[in-house]
Amino acid sequence: MKRSLVQEFTKGFIDENPIARLVLGLCPALAVTTSLINGIGMGIAATFVLVCSNTIVSMIKGVVPKKIRIPIFIVVIATFVTIVEMVMAGFAPVLYKALGIYVPLIVVNCIILGRAEAFASKNSVGRSILDGLGMGVGFTMILAVIGSIREILGDGKILGFPLFGPDFEPVLIMILPPGAFFVIGILLGIFKWSDLRQEKKKLQSIVH
């Protein structure tokens, strides 16, 4: 059954969240989420590329030969990544430096190429825009959560503002790569636990 426009937009928040459900895009999630602002910055950049590339791919899907569609999609994605990189370098140099190589690596982010191939190349422009925006918002949300947890526990701050007193001992592992694994693992576990709980409730309602 075809989703409504609202469902098309909101599916990326929870049901098809790129990280929590599809387990895609883990490279930036592990690397740049040492703080909330880094997570939001990467999420916004990826969302812009997602929306723009989905729009263009949907517009040209009828004229692109199937044999060369993937290279063409990559060129489209790379164009918008270059725009993001230049804008970020010009207007947010501190954030650009913090994100480093992971900004240009958005080109090969499996979330973006996957949405272009699996969705935008088969759907209308309107639905493709909603899909890209919803997936981008969901991606940004989970990066923000991971970044917040790691910044609070690993640095005792949020957005640079201290949260605890001078006696607080930061958990330094949280701002290192293993800390990202721990946080993502816990979040995946929470989502799985929620799924199992809902399934159990459905079975109980059927039985009764």
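Applying 1/(1 + (r/R0)^6) with R0 = 30 Å to the Cβ-Cβ distance of residue 188 and residue 63 gives a FRET efficiency near 0.15. Working note: 222 nm ellipticity from helices only, DSSP H runs with n ≥ 4, each -39,500 (n - 2.57), summed and divided by the residues of the chain, gives -21500 deg cm²/dmol to the nearest 500.
If you bin all the Cα-Cα distances of the chain at 10 Å, starting from zero, the percentages per bin are 9, 30, 31, 19, 8, 2, 0.
With the cut-off at 15 Å, report for the stretch 62-142 the share of all Cα pairs above it, as a whole percent. Considering the stretch 62-142, 64 percent of its Cα-Cα pairs are separated by more than 15 Å. Amide H contacts of residue 24: 19, each under 5 Å away and 5 or more positions distant or on a separate chain (H built 1.01 Å from N in the peptide plane; Pro and chain starts excluded). When the listed pairs 11/122; 11/200; 2/192; 2/200 are checked against a 20 Å cut-off, the alpha-carbon distance exceeds it for 11/200; 2/192; 2/200. Around the amide H of residue 158, modelled in the peptide plane, lie the amide H atoms of 163, all under 5 Å away and 5 or more residues distant in sequence or on another chain. Neighbour counting of Cβ atoms within 10 Å sorts the residues 34, 10, 79, fewest neighbours leading, into 79, 10, 34.
Within the stretch 94-108, which residues have the backbone N less than 17 Å from the label spot 7 Å out from residue 158 along Cα→beta-carbon, could you tell me? Within reach of a label on residue 158: no residues.
All of the numbers you see were taken from the coordinates with simple rules; none came from a lab. Note that the structure is a prediction, hence the values are computed from the model and not measured. Here Cβ is always computed from backbone atoms with ideal geometry, including for glycine, and neighbour counts include all displayed protein chains.
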